[in-house]
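Just below is one structure, and these are the notes that go with it.
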Amino acid sequence: MYPYARNGFYGRVPNWYGYMGYERAKEQPLTFVLVHGSWADASFWNGVAGELRRMGHTVFVPEYPGHGGDPNMNVTHGMISRSVADYIINHQLRDIVLVGHSFGGSVIQKVAELVPERIKRLVFMDGFVLGDGQSVVDQFPPQVQQSFEELRKASADDALIMPFPLFREAFVGLADLPLARQLYSEIRPEPAKPAFEKLDLKAFYKLNIPRSYLYLTEDNLLPQGEGYGWHPHMSSRLGLFRLVRSAGDHMTYFRTQPALLAQKLYEASRD
Amino acid sequence: MYPYARNGFYGRVPNWYGYMGYERAKEQPLTFVLVHGSWADASFWNGVAGELRRMGHTVFVPEYPGHGGDPNMNVTHGMISRSVADYIINHQLRDIVLVGHSFGGSVIQKVAELVPERIKRLVFMDGFVLGDGQSVVDQFPPQVQQSFEELRKASADDALIMPFPLFREAFVGLADLPLARQLYSEIRPEPAKPAFEKLDLKAFYKLNIPRSYLYLTEDNLLPQGEGYGWHPHMSSRLGLFRLVRSAGDHMTYFRTQPALLAQKLYEASRD
Amino acid sequence: MYPYARNGFYGRVPNWYGYMGYERAKEQPLTFVLVHGSWADASFWNGVAGELRRMGHTVFVPEYPGHGGDPNMNVTHGMISRSVADYIINHQLRDIVLVGHSFGGSVIQKVAELVPERIKRLVFMDGFVLGDGQSVVDQFPPQVQQSFEELRKASADDALIMPFPLFREAFVGLADLPLARQLYSEIRPEPAKPAFEKLDLKAFYKLNIPRSYLYLTEDNLLPQGEGYGWHPHMSSRLGLFRLVRSAGDHMTYFRTQPALLAQKLYEASRD
C-alpha cells in the first residue's frame, strides 16, 4: 500500500512524507473570525490573532454589544449574534472559519444560523455548544447556577461581577498569582441576561457546516465529566466533528502561550 | 526504604535508577503479532512494524480474509479470527504479544479464545473490546449505527464504503488535507458482515492473559465518554489492565509518528 | 486592554510578560506537609521532597501509625489523621500546603477538620476525596471491593498484602519490569481497617480552605470514568478547585520523575 512498504524498506526516514511522494502541505491561508466570551472583549484574542497573522492568515475580531467600549448591560443574546453576523456581512467575508471561545461558542451557533453560506468551518475552543432550548447557565451544575443567580441579584444593573477566587481557580488555574491578578484587573462586569436566555437552536442542528472542537485539557471551569463539560459532553452535540486537544486552562494560555494555541487552532481549522 | 533515603541524601541524581542499585532495563525482545482493523490491510502496520524491528523485536503482521489481496466481501468474524489463529499456529509462534487496532481488537478477543496458551499479553490499541453478545457496530451511538446500516444497504456486495468527510474528521483529524487524501486513497471497501455480528465472548471473559490498553487521546471515532468510547468505556471491560496513553487520532500517527507509537506499544507490551 | 494591544502591536514577543509590565513571579516559598498513602511510608516522598527543597520550599513528611517503623496493624483512620494533626501542631506549622497522595487524600480531609486554621491549601495528588459517610474501599468497583475483602480474610492480622500482578499493572504500569519489582520489594502489608472505615465528613464539606487536584493521567488504579475515578469523579466533590494535570501513573513517577511531579505540585500549591 505504501511505496516504501512495497520495497520492503524499513529504515528510519527523516521525512516520512517525502517517501510517500507526499509533500508536507504548506499552511493553507485561512480567514478567521474570532468571537470572544464573557468577561472579555476583542482584545482577548490579541495574542492568538497576532500569531495567526504571522502564520499568513487573515484575522477578524468583532466586538459585540455590552462588551469592550459598550457599557450597556441591557443586551440580549440575539443582539450579540446579530451584531457578529452583521460584522461578517459588512466586511463582505466569505469562506470564513468562525471560532468561538467559551460563551462565544453559543454565539457562533446562532451566527451560523444567520449566515451559514459564509462559513466554511465552525471551531469551538472550549466553547459552549448548547442543546436546543438550553441556556449557557444550564450547562453548569446546580450549585454553580445558584451562584450565578446570586451574583445577578447582587448587581444593580443585571451584571455578573466575577469574584477573584472563582476567577483564579476556575479560569486561570495555570497562571501564577501575579498573572492571575493582572488578568483579573482586565475583566469587567458581564451582562447577565444573555447567559440565562434559552436559545432556539433547531435551525443550527439542521446545518451541515463542518465543525471542530479544540479542547484545553486543564480547563476546569465546567466539570470534566459526570454529565458536564466542554468535551465530550457538549462537543458530542456536534455529531461528526474533528477533535484537537491542547494543554491549557480556560484563559491563561491565550496570554502566555499564544503560539501554541494558534497552531492548535490552525490544525482544528484547516480543511 | 530507598538506600539513598536512609543516607538522608536529597541531591539531584543524574541517574535515579543507578542510585537504587537498579540498572535501567535493556529493552526486552518481544514477538509481536499485529492485527489491523477495518478499511485497512497488513500494510497499515508498516511504519510501526519497521520501528519495532529496529528496536530488536520480532514482528508478524497477518493478513485476514476480505482484506489485502482478498476481494471476497462474504467473510465472517469467525473466518477472520480463525485465519489469524491459524497464522500463529502455522508460524509456530509462542509467547506472543497479540496487538489489535480498532476492529482488530474484537479479532484478538476471539483469537485469544482459540490459542490462549500462545499469548503472553493482549494489547488493545484503540481496539474494540466487545462485551459478551455484542457487535462492533453496537459500540457506536444510534445515529452512527444508522449510518452504517445505510452504507450497507447502498452497497451491492454488502460492503461499507467510507465517505471522505467521515474519514477526514473521525479517522485522520490530525492530518493535513493532502495527507488525509493520500490515506483515503489507500482504503478499500470493508466487508460489512463481521462488524454487525454479535459475538459470544464468554470464554474470553474467563481468560487470565495479562492485557494492556494503549489509548490515543485525539481518537474521536467513538465519543470519548458519556457511555461510549475506547477508554475508559470499553477498556474497563478488561478488568485489571495496564494503561498507556499517547497523542494521536485513529490512524494518522501510524503514518506520521511510527517511532512514537512503537515506543508506546513497547511500554504497553513488556512484561 | 493589554498595553501592547493599544499600540496595535502584534509582533513576536520573546517575553510576553515583560511587555505587559508583568514580571514573571519568582517561586513563592511554601511550607509543604506531604502525606503518603497505603503500602507506603514517609520515604515514598523522598524524591519529590528533595526536589521541592531544592526549589526553596520547606517540606515536612510525617509518618503515621501502622506504617514505616510501626508494625501495628490495629490502627484506625482516626489514629492516623490525629497523628498527622499532632505532627503539625507539635512542629508549630502554620500556612501549610497539606498534600495527600492516594489514601493520604482521605487523611488530609480529616486533618483539615482538626486543624483548619493552619492550612492555606489542600492538594489532592491522585488522592481519595471521600463523600460524607464513605470509605476508601467504597470508591472501587464491586469486583475490586470483593478482592480487597478476600485479601483481608486471607490475612492473620487484618492486613492487605498486595499481589504483584495488581501492583505491576495498576500501581506502576509505566515502570519497566525491573523497576516494578524493585518498587514491589519495598512495599509492606497495609493495615486493612482504615480503608474500610466509613468517615463522617460533614465538617470537611463546610470548610472553605482553597483546594487543588493534581491528576496523573495514566493512573488507572481506579477506572478513569463511568462513575469512578480520581478526576473528575472524586475531584468534583471538592466544589471549586484548581486542576493541574501531569503524565504519570499511581506511583512510578514519584521515583523516576520527581522533578516533574515537584514542579506540578508547586503549580497546584501556590496561592
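Derivation of every value follows stated rules applied to the coordinates shown; laboratory data play no part. In this text the structure is predicted, and so the values were computed from the model without any measurement. Counting neighbours? That spans all protein chains shown, and the Cβs are built from the backbone with ideal geometry, glycine included.
List the lysines whose Cα lies under 27 Å from the Cα of C:K206, skipping any in the same chain that are fewer than 8 positions away.
In chain and number order, the partners are A:K153, C:K110, C:K120, C:K193, C:K198.
Name the long-range amide H neighbours of B:A247: under 5 Å, sequence gap of 5 or more, or other chain; modelled H, no Pro or chain starts.
Close amide H contacts, sequence-distant or interchain: B:T217.
Round to the nearest 10 and give me the degree value, 0 to 90, for the angle of helix B:177-186's Cα axis relative to the longest principal axis of chain B.
70
Hey, what angle do you get for helix B:142-153 against the long axis of chain B, alpha-carbon based, 0 to 90 degrees rounded to 10?
Orientation of helix B:142-153: about 50 degrees from the principal axis.
Taking the inverse of the average 1/r across all pairs of different Cα atoms in the protein assembly as shown, what Kirkwood radius in Å do you get? Can you show the working numbers first?
On the way: mean 1/r = 0.0353 Å⁻¹.
Taking every pair of different Cα atoms in the protein assembly as shown, averaging 1/r and inverting gives 28.3 Å.
How large is ³J(HN,Hα), in whole Hz, for each residue of the stretch A:104-118 in order, when computed from phi with the Karplus curve 6.51 cos²θ - 1.76 cosθ + 1.60 and θ = phi - 60°, using x for Gly and Pro?
x, x, 5, 5, 5, 4, 6, 4, 5, 5, 7, 9, x, 6, 9
If each residue of separation counts as 0.36 nm, what is the full-extension length gain between B:Y228 and B:L166 once their alpha-carbon separation is subtracted?
Roughly 20.5 nm would be gained on extension.
Between B:R82 and A:K206, what is the label-point separation in nm under the 7 Å Cα-to-beta-carbon projection?
Placing both labels 7 Å along Cα→Cβ, they lie 5.1 nm apart.
Label-to-label distances across copies for A:F164, with labels 7 Å out along Cα→Cβ, in nm, shortest first?
Counterpart label points of A:F164 in the remaining copies fall at 5.5, 5.5 nm.
Nm distances between the label at C:F148 and the same-position labels in the remaining copies, 7 Å along Cα→Cβ, shortest first?
Taking the point 7 Å beyond Cα along Cα→Cβ, the inter-copy spacings are 3.7, 3.7 nm.
Expressed as a rounded percentage, what relative contact order does chain A have, with Cα pairs under 8 Å and six or more residues apart?
After rounding, I find 21 percent.
Which percent, nearest 5, of DSSP beta bridges in the protein assembly as shown are antiparallel?
Taking every DSSP beta bridge with both residues in the protein assembly as shown, the antiparallel ones total about 10 percent.
Find every distance from the label point of C:G69 to the corresponding label point in the other copies (7 Å from Cα along Cα→Cβ) and write them in nm, one decimal, shortest first.
Result for C:G69, in nm, nearest copy first: 7.2, 7.2.
Smallest Cβ-to-axis distance in chain B, for the rotation taking B to A: which residue, how many Å?
Measuring from each Cβ to the axis, the minimum is at B:G225, 4.
Given only helices, namely DSSP H runs of n ≥ 4 each adding -39500 (n - 2.57), what is the per-residue ellipticity at 222 nm of chain B, to the nearest 500 deg cm²/dmol?
Helix-only estimate at 222 nm: -9000 deg cm²/dmol.
Could you compute Rg(Cα) / (2.2 N^0.38 Å) for the stretch C:30-269, with N its residue count?
Relative to the 2.2 N^0.38 Å estimate, the stretch C:30-269 comes out at 0.93.
If one takes the longest principal axis of the Cα atoms in chain C, at what angle in degrees, from 0 to 90 and to the nearest 10, does the Cα axis of helix C:258-269 lie?
Compared with the principal axis, the helix lies near 70 degrees.
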